[in-house]
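Take a look at the structure set out below.
The values are calculated or read from the model by the stated rules, or taken from the named source; none is laboratory data. Fair warning: this is a prediction, and the values are worked out from it, not measured in the lab. Virtual Cβ from ideal backbone geometry, glycine too; neighbours counted across all protein chains shown. For accessibility, only protein heavy atoms count, side chains too; no ligands or nucleic acids. Shrake-Rupley method; radii C 1.70, N 1.55, O 1.52, S 1.80 Å.
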Amino acid sequence: MKKVNVAIVGVTGAVGQEFLNLIEERNFPYNNLKMLASARSAGKKINFMGKEYTVEETTENSFEGVDIALFAGGKASKIFGPAAVKAGAVVIDNSSTYRMDPEVPLVVPEVNPQAIAKHKGIIANPNCSTIIMVMALKPLYDISKIKRVVVSTYQAVSGAGREGMEELKNQLEDLANGKTPQAKVLPVASLNKHYQIASNLLPQIDIFMDNDYTKEEMKMIDETRKIMEDADMKITATTVRVPVYRSHAESVNVEFYEEVSAESARAALEKFSGVIVRDNPDEMIYPQPLETSGKDDVEVGRIRKDFSVEHGLNFWVCGDQIRKGAALNALQIAEYLINH
Ligand SMILES: NC(=O)c1ccc[n+]([C@@H]2O[C@H](COP(=O)([O-])OP(=O)(O)OC[C@H]3O[C@@H](n4cnc5c(N)ncnc54)[C@H](OP(=O)(O)O)[C@@H]3O)[C@@H](O)[C@H]2O)c1
């Protein structure tokens, strides 16, 4: 494979750190690696594959000679993405900034790799819950077009980054020590009001929109239609933060135009790259966040007919949202670019 010069923006964060794990694990072909974050982390040392790197502050001049810029720095892609493209890099962005831009492909390589070729310098990585859901929807859609999807998510605290994980850890320790837990981050760090997540569930991920859906719910709806290239697909979502460290889970109800049996769904999912079927009620086998954490594949189980509608199916899907929901998906896009 051709070797490329890579920059990781947000290398000190949850997704940035996972990029490093995956670059090593997958033997990703790089020449130079630039580690970028905000001014807060500039000067910090990171040991990676036997070499010491110094984290640099991201600026408009950070992208000279960079072929692929992996962005995992929240608003950083809005500020520095255009400068990276101008310098000649292809930007693969984990934030929501460019996802619904008609000029920007929104890609899950197993689902719509054909979109990658249309890029004009920026390729967007979809929302983590969206990626995990479409990995299961695509092989089923190939059996029958989908009429409607009803999804409820059970999203891990690491979806809110480093701070989200620390918040759950601190609150669990406080509870164990008989102290009152402090809530400073969830549901949304930038808002003034916060709620305890330990021993609790928060039916709010991201801010509320004018239609009373959260932004996360609208991302799942809009992005799924864009990735699946089906503007008519009806989708409704409820997104919930749960006191789990890592790996999102989703309960998905699908209504098809034609009959899709549980058996044919299982067979199609088993054949689909990146999906594992873990589904045996007799043996109490089904996907669980603890088991999918740190793994690349998305796992599907509890596949069963929905008797309440014509052509309905229920399933449960779990996936590591820092891997397939973010860093792995972005790196797969980068690998596709290198190979094509
Ligand atoms: N966590 C997930 O499960 C997940 C899944 C899918 C997508 N995403 C998306 O991926 C991105 C990163 O998320 P995360 O969970 O890794 O967040 P995180 O743990 O909070 O890390 C944020 C990273 O961004 C850096 N950063 C912040 N502002 C910056 C700026 N102006 N310029 C350059 N770097 C900046 C931070 O650097 P400092 O250390 O210097 O502060 C840190 O490295 C976000 O857009 C998020 O929505 C996250």
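Of note:
- Each label point was placed 7 Å from the Cα along the Cα-to-Cβ direction; for ASN280 and ASN21 their separation is 2.7 nm.
- Per-residue HN-Hα couplings for segment 300-312 [Karplus 6.51, -1.76, 1.60; θ = phi - 60°; Hz; x = Gly/Pro]: 10, x, 6, 6, 7, 5, 9, 6, 7, 9, 6, 6, x
- Amide H to amide H, with H built 1.01 Å from N, PHE48 comes under 5 Å of TYR53, counting only residues 5 or more places away or on other chains.
- Coarse-grained scattering of the chain at q = 0.10 Å⁻¹, given as base-10 log I(q)/I(0) from a Debye sum over alpha-carbon atoms: -0.60
- Taking amide H atoms as placed 1.01 Å from N in the peptide plane, the amide H of ILE322 lies under 5 Å from those of SER247, each 5 or more residues away in sequence or on another chain.
- Kyte-Doolittle mean at least 0.5 and Cα axial length at least 27 Å: DSSP H helices in the chain: none
- Note on the chain: GNM, Cα springs under 10 Å; of SER261, SER199, SER247, the largest mean-square fluctuation is that of SER199.
- Selected from SER129, SER77, SER41 as most flexible by GNM, with the chain as the system and alpha-carbon contacts under 10 Å: SER41
- Other residues within the sphere of radius under 10 Å centred on the Cβ of ILE143, judged by their own Cβ, net out at -2 (K and R +1, D and E -1).
- Derived scalar couplings ³J(HN,Hα) [segment 50-62; Karplus, 6.51 cos²θ - 1.76 cosθ + 1.60; whole Hz; x for Gly, Pro]: x, 10, 9, 10, 10, 6, 10, 5, 6, 9, 5, 9, 6
- Among THR130, ALA327, ASN253 the positive-end extreme of the charge dipole of the chain (Cβ point charges): ALA327
- In the context of the full set of protein chains, the chain has a per residue accessible area of 46 Å² (1.4 Å probe).
- Annotation note: chymotrypsin sites (Phe, Trp or Tyr not before Pro) in segment 1-105 located in DSSP loop regions with a Cβ neighbour count of at most 16 within 10 Å are absent.
- Too-long pairs where the Cα-Cα distance tops 21 Å, listed order kept, from LYS193/LYS219; LYS2/LYS34; LYS271/LYS295; LYS45/LYS169: LYS193/LYS219; LYS45/LYS169
- Simple label model, 7 Å out from Cα along Cβ direction - THR236 to THR59, nm: 5.2 nm
- Relative contact order computed over the chain (Cα-Cα under 8 Å; 6+ residues apart), in percent: 18 percent
- Accessible area of the chain belonging to carbon and sulfur atoms, whole % at 1.4 Å probe: 49 percent
- Amide proton proximity set for VAL240, modelled H, under 5 Å, gap of 5+: THR153, TYR154, GLN155
- Sparsely packed loop sites in segment 102-174 (the GluC sites (Glu not before Pro) outside DSSP H, G, I, E and B with at most 10 other Cβ atoms within 10 Å) comprise GLU103.
- Residue among ASN200, PHE272, THR239 farthest towards the positive dipole end of segment 130-321, charges placed on Cβ: ASN200
- Choice from LYS324, LYS226, LYS51 showing the highest fluctuation, given a GNM over the chain with Cα pairs closer than 10 Å: LYS51
- When only the Cβ of Lys, Arg, Asp and Glu is charged (+1, +1, -1, -1), the dipole of the chain relative to its Cα centre reaches about 760 debye.
- For segment 202-211, 3J(HN,Hα) per residue [Karplus equation, 6.51 cos²θ - 1.76 cosθ + 1.60, θ = phi - 60°, Hz, x = Gly/Pro]: 10, x, 8, 10, 6, 7, 7, 9, 4, 8
- Cα centre as origin, Lys/Arg/Asp/Glu Cβ charges: segment 100-255 dipole, Debye: 140 debye
- Gain in span if fully extended, LYS215 to GLU259, counting 0.36 nm per residue against the direct Cα distance: 12.6 nm
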